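Pasting a structure below so you can have a look.
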Amino acid sequence: MLEFVPWHLSPFILDADEMSTKQRREGIFASVMTFFRKLSVALDTFLVGAVLDAGGVVQKATTQP
């Protein structure tokens, strides 16, 4: 849901921006949205790893403690 909503609303935001500024800046909006999407995926991956580490998961072990 967090990924779908911004991309779904993007055309409306771009149209409103173009009407108010008379400039086409689709690339800037897309690059900012992509940057924050990748940043959030990296942060989520780090947090899941930290939680697993705090929970005592041992990498490449056949059984977990």
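We did not get these values from a lab; they are worked out from the coordinates using the rules stated. Note that this is a predicted model, so its numbers are computed, not measured. Quick reminder, even Gly has a Cβ in these numbers, built from the backbone with ideal geometry, and neighbours come from all protein chains shown.
Quick check on the chain: helices-only [θ] at 222 nm, where DSSP H runs of length 4 and up contribute -39,500 (n - 2.57) each and the sum goes over total residues. Nearest 500, please.
Rounded to the nearest 500, it is -25500 deg cm²/dmol.
Scan the chain for trypsin sites (Lys or Arg not before Pro) in coil per DSSP, keeping those whose Cβ has at most 13 other Cβ atoms within 10 Å, and list them by number.
Counting only loop positions with at most 13 other Cβ atoms within 10 Å, the trypsin sites (Lys or Arg not before Pro) in the chain are K22, R24, R25, K60.
Related question: Angle, helix 4-21 long axis vs. longest principal axis of the chain, Cα atoms, 0 to 90°, nearest 10?
Approximately 30 degrees, to the nearest 10.
Where the only charges are on Cβ atoms (+1 Lys, Arg; -1 Asp, Glu), what is the dipole of the chain about its Cα centre, to the nearest 20 debye?
160
Taking the Cα-to-Cβ direction at I28 and at D15 and moving 7 Å from each Cα, how far apart do the two end points lie in nm?
Placing both labels 7 Å beyond Cα along the Cβ direction yields 2.1 nm.
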